[in-house]
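The values are calculated or read from the model by the stated rules, or taken from the named source; none is laboratory data. The structure presented is a predicted model; accordingly, all values stated were derived computationally and were not measured. Cβ placement follows ideal geometry from the backbone for every residue including glycine, while neighbour counts extend to all protein chains displayed.
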Amino acid sequence: MARLSLRALALLAAGIPAMTWSSTLNLEEVRRENRKYDIQMEQQHRDGDGEDGARWRTGSYRFLRAGAKEGRRKSRELYADPDPTVKWIMEGRSKQNGVDEQSQAIPDRDYLNGLVEASVATTDHQEGNIAFANTYQTGSTSMAGILYRYAVRHNLKLARVGQESAVDPKWFATQVQQGKSERVDIMHYHISNKGHLKGLWPGARENYRGIMREPDNVNLLTMMREPREHFISYYYYFVEPATKLSLEDFLMKSHGGDDFALLKNPLASEVGVTTFHNMEQLFVNDFSSFRMILLTDRFDEGLMVLRRLLGWSMIDMTYMAMDETKAGDIAVVDRPSFHDLPEKVRNKIDSLTELDQMVYSAAQVLYDKRLRPMSDVIGADVEEFQKLQKVVSGYLDANQSSKANAMYRAEDVYIGAPPMNQF
C-alpha cells in the first residue's frame, strides 16, 4: 500500500470522510469543503426532534441550565460593576485602601460557592466516564487537577493508586477483573513510563474499557504540545538532570544509549507510535475515537470547547497552573527556545520528531473539527472564563488560609472540606 501523505493522514485521523480528499489535496480546501457539512449537522442538532435535538437544547451541548443561568447572571453583574473588594481580589492585590483578608473572603467565597452549587445541581445532565491519557511536559497536570476536582465535587469515583503518577491500564483493568478495584468514572493518570507506551494504542483503549464504569461510552481525552517545544521541555525534564549537558552538547555528542532513545519521538510514543506503520494503523482505526485532544498553546480555548461537549459548568474548568518544570528536587535550568538553537541542532530535533510532527498535525485537525460547530461562541466563553479565573486565583492568593488551596495547587482532597469541596 502506498504511504499516505501527512495531510491525508491528519484528515483520516480526524474522521473526515476519505471521499472528500486525496493525498495531495490542500488542507485548507478540505476544511472549507467540510465546513458546509458541519453547519448542516449543527442545524440538525439544534432543530431536530430526536435525541440529538433534545440534547443540544437541554442536555450536554448547552451550558445555560437553570442553576448555571443564575451563576452567569451574577457573573455579568460582577464584571460590569465590581464592588471595591471584588475588584481588589480580581486584580490580585494583597491589600488596598485598608481592605483586609477577612473582610474580602466573604463576598467572593459566597459567589464562588454559588457557582459550585449550581454546577452540582445539574450533575445528571453532565457527561463523565472520562479516561484522560495524561502526557508528559504538555501542561497536562493542570488538566488532571481539573478532573480530580470535578470528580470530588460531583461525587464520582476517581481512580486512586497510592502516590503513583503513572498507571499501566492493563494492570488496572486486571485489578478490576479480579475484584481488587472498582470501575471508575474518572481516570487521569499517565499510562506509560516517561511517555513511552508499552504496546500499541488499541491495547490501551481496550484496557480503558475494562476500567471505566461505562465501557461502551468512554470519553477519551489527551493533550499534546507543539513537537519542537515539547522535545526541548522533555529533554530538560528527563535527561538533563542526569547528564548535566546542554541540549546542544548532548545531541552533538551522544551516539546512543537509553537517554538518547528516550528522545526519539517522545510525543508520538505516548500513544504507542514508534513506526510509520503503526502510526498509519492508529490514524486509520483509532484516532477519531478521542472525544477531545487538547493543545497546550490553546489550553483555555480547548477547555471551553470541552466544557460544551460535556455540558460542564465553567467553574469546574478553573485551575491554577501546576509546576511541571522540574523532576523531584532537581533545580530548573534555563531552556533555549527552538529558534535560538544552531541550525544543526534544529535539524537534529526535527529528525528525532518526525512522527511527533505527524501525530500533532492530526491532533490539530481533530481539534479544529471539534471547535468548528461552536466557533461563534467560544471567543466570548474564553473571555468570560479568564475573568472567572482571575476571581478564583485572586481569591486563593489573598486567602492563603483557605483549605481550597489544597484542591487547586495540588491533586489532593483537603481535610475538613465543606460539602462539594467548596471554597
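Checking the conditions here, which among 285, 265, 278 is within 21 Å of the chain's Cα centre (by Cα) and not hydrophobic (A, V, I, L, M, F, W, C)? Walk me through it before giving the result.
Working: 285 fails: within 21 Å of the chain's Cα centre (by Cα); 278 fails: within 21 Å of the chain's Cα centre (by Cα).
Only one candidate qualifies: 265.
Kindly provide the set of residues from the range 350-372 that are crowded, with 16+ Cβ neighbours inside 10 Å, polar (S, T, N, Q) and farther than 12 Å from residue 295 by Cα, ordered by number.
Selection gives 353, 357.
Output the residue which, of all residues in the range 246-260 that are surrounded by 14 or more Cβ atoms within 10 Å (Cβ to Cβ) and at pLDDT 90 or above, is farthest from residue 334 (Cα to Cα).
The extreme case among them is 251.
Within the range 373-409, take every residue that is hydrophobic (A, V, I, L, M, F, W, C), touching a helix residue (DSSP H, G or I) at 6+ places or on another chain (Cβ under 8 Å) and more than 16 Å from residue 314 (Cα to Cα) and give me the one that is surrounded by the most Cβ atoms within 10 Å (Cβ to Cβ).
Selected residue: 407.
When the range 334-350 is examined, which residues are found to be part of a helix (DSSP H, G or I) and of a type in the set (D, E, K, R)? Please lay out each step first, then the result.
Residues of the range 334-350 that are part of a helix (DSSP H, G or I), as a first pass: 338-340, 343-350.
Passing the criteria: 340, 343, 344, 346, 348, 350.
Looking only at the range 198-219, which residues are surrounded by fewer than 20 Cβ atoms within 10 Å (Cβ to Cβ) and of a type in the set (A, V, I, L, M, F, W, C)?
Listed by number, the residues that qualify are 200, 218.
Just to check your reading of the model, which residue among 150, 79 is aromatic (Phe, Trp, Tyr), in a helix (DSSP H, G or I) and either surrounded by fewer than 19 Cβ atoms within 10 Å (Cβ to Cβ) or at pLDDT below 90 (or both)?
On the way: 150 fails: either surrounded by fewer than 19 Cβ atoms within 10 Å (Cβ to Cβ) or at pLDDT below 90 (or both).
79 is the lone residue from the list that is aromatic (Phe, Trp, Tyr), in a helix (DSSP H, G or I) and either surrounded by fewer than 19 Cβ atoms within 10 Å (Cβ to Cβ) or at pLDDT below 90 (or both).
From the set of residues in the range 351-410 that are polar (S, T, N, Q) and not in a helix (DSSP H, G or I), which is farthest from residue 151 (Cα to Cα)? Spell out how you get there, then give the answer.
Here is the first cut: in the range 351-410, the ones polar (S, T, N, Q) are 351, 353, 357, 361, 364, 375, 386, 389, 393, 399-402, 405.
Those still in the list that are not in a helix (DSSP H, G or I) too: 353, 399-402.
Values: 353: 35, 399: 24, 400: 24, 401: 23, 402: 20 Å.
Once the filter is applied, the top-ranked residue is 353.
I need every pair where a residue in the range 109-125 that is closer than 10 Å to residue 311 by Cβ has its Cβ under 7 Å from the Cβ of a residue that is at pLDDT below 90 and assigned to a loop (DSSP other than H, G, I, E, B), sequence separation at least 6 or different chains.
Here the result reads 122/65; 125/59; 125/60; 125/65, each pair linking the range 109-125 to a residue that is at pLDDT below 90 and assigned to a loop (DSSP other than H, G, I, E, B).
Restricting attention to the range 172-202, which residues are closer than 29 Å to residue 264 by Cβ, without any contact (Cβ under 8 Å) to a residue 60 or more places away in the chain and assigned to a helix (DSSP H, G or I)?
Passing the criteria: 172, 173.
When you go through 126, 137 one by one, which is the residue that is under 16 Å from the mean Cα position of the chain (by Cα) and under 29 Å from residue 314 (Cα atoms)? First the steps, then the outcome.
Working: 126 fails: under 16 Å from the mean Cα position of the chain (by Cα).
Among 126, 137, only 137 is under 16 Å from the mean Cα position of the chain (by Cα) and under 29 Å from residue 314 (Cα atoms).
Scanning the range 153-171 for residues that are outside any loop (DSSP other than H, G, I, E, B) and not charged (D, E, K, R), which turns out surrounded by the fewest Cβ atoms within 10 Å (Cβ to Cβ)? If you could, list the steps in order and put the result at the bottom.
Our first condition is that a residue be outside any loop (DSSP other than H, G, I, E, B); within the range 153-171, this holds for 153, 158, 166, 169-171.
Add one more test, that the residue is not charged (D, E, K, R), and what stays is 158, 166, 169, 171.
Working: 158: 17, 166: 14, 169: 25, 171: 11.
Of everything passing the filter in the range 153-171, 171 is surrounded by the fewest Cβ atoms within 10 Å (Cβ to Cβ).
Given the criterion in contact with a Leu (Cβ under 8 Å, 6 or more places away or on another chain) and either surrounded by fewer than 20 Cβ atoms within 10 Å (Cβ to Cβ) or touching a residue at least 60 places away in the same chain (Cβ under 8 Å) (or both), identify the matching residue among 227, 266, 241. I'd like the intermediate steps shown before the answer.
Details: 266 fails: in contact with a Leu (Cβ under 8 Å, 6 or more places away or on another chain); 241 fails: in contact with a Leu (Cβ under 8 Å, 6 or more places away or on another chain).
The conditions single out 227.
Considering each of 217, 207 in turn, give the residue that is of a type in the set (S, T, N, Q) and assigned to a helix (DSSP H, G or I). Explain how you work it out, then say what you get.
Details: 217 fails: assigned to a helix (DSSP H, G or I).
The conditions single out 207.
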